[in-house]
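Read-outs: derived from the displayed coordinates by stated rules, not from any lab. Note that the structure is predicted; figures quoted are calculated from it, not measured. Reconstructed Cβ throughout: ideal geometry from the backbone, glycine too, with neighbour counts over all protein chains shown.
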Amino acid sequence: MQIHVLGGFLGSGKTTLLMRIANTYIRAGKKVAVLVNEMGDIGVDGATLMSEGYNTTELPDGCVCCSLSAELQVAVRNIRRDIQPEIMLIEPTGLAIPTKIVEGIDMIPELFPEFGEYTVDIIGVVDPVRFRLFVTKKGKFMAEQLEGSSMIMMNKIDVAPAEEMRFTEDWILERMPDIRVWKVSALNGDGVEEALKEVCI
Ligand SMILES: Nc1nc2c(ncn2[C@@H]2O[C@H](COP(=O)(O)OP(=O)(O)OP(=O)(O)O)[C@@H](O)[C@H]2O)c(=O)[nH]1
Ligand SMILES: [Mg+2]
């Protein structure tokens with residue numbers, strides 16, 4: 001099983017992108033399960049996703065990287081046991097630190113020895129429209145949130161000014177020189193499949 005954790009700040013487009021990614025995998029014939037932290041607030045609920053053919057589980061309020069670590073571990077294990085997906089997509093809250101979620105996941109085999117083989121990576125999502133504002137105020141947090149990503153999806157390229165995209169990419173590459181920054185629009189799907197091909201499909 002391959003687990004992708006979608007990390008990124010509030011409103012960066014994680015849920016929209018998650019649905020694109022799920023669709024891309026489903027079209028490639030893969031069985032996908034989705035685990036989200038708080039979905040109600042964006043007007044897409046578990047029932048909608050279920051009706052579109054996703055296996056969706058919603059965690060209770062709280063942040064999976066801190067107070068809900070045990071709930072996350074149990075949920076990941078139960079989803080795997082019950083659904084046996086090839087791909088699991090996890091969207092934590094926009095305030096979560098994704099490396100902490102990976103740490104929590106990496107403890108599952110000790111807690112549940114029957115869990116089985118898996119790989120986990122972090123897909124970092126950024127919104128270049130508001131990136132400059134965020135890093136001016138919360139640069140340390142933004143860097144910490146992107147840390148450990150195996151790739152970055154710079155989202156909203158359908159509306160982002162070129163100058164802000166350049167600023168965002170430069171800021172990231174200055175701190176993570178080896179990371180690949182993919183330009184995507186979760187809204188219209190541009191670039192998503194190409195980016196995913198790099199890591200998985
Ligand atoms: N123009 C544009 N808007 C986008 C894109 N992706 C997401 N959005 C919009 O950005 C807003 C936030 O998107 P979400 O997918 O809810 O973002 P999120 O990161 O899941 O947000 P939280 O879970 O609240 O942190 C919504 O209004 C989306 O429609 C994109 O590629 N282009
Ligand atoms: Mg969301």
Those lysines that a straight Cα-Cα span of less than 23 Å connects to Lys100, excepting residues fewer than 8 apart in one chain: Lys14, Lys137, Lys138, Lys140
Other-chain or far-sequence residues with amide H under 5 Å of Ala186's (modelled H): Lys156, Ile157
Rg in Å to one decimal, and Dmax rounded to a whole Å, for the chain via C-alpha atoms: 16.1, 50
Dipole magnitude of the chain, debye to nearest 20 (Cβ charges: Lys/Arg +1, Asp/Glu -1, about Cα centre): 240 debye
Among Phe141, Ala186, Ala160 - extreme Cα towards positive end, dipole of the chain, charges at beta-carbon: Ala160
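When the chain is fully extended, how far beyond the present Cα-Cα distance does Glu193 get from Arg27, taking 0.36 nm per residue of separation?
Between Glu193 and Arg27, full extension yields 58.7 nm more.
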Farthest positive-ward along the chain dipole, Cα basis, beta-carbon charges - from Ile105, Val125, Thr57: Val125
Rough spin-label spacing in nm, given labels placed 7 Å along Cα→Cβ, for Ile179 and Asp121: 1.4 nm
Near-label residues of region 117-135 by backbone N, under 15 Å of a point 7 Å along Cα→Cβ of Glu163: 129-133
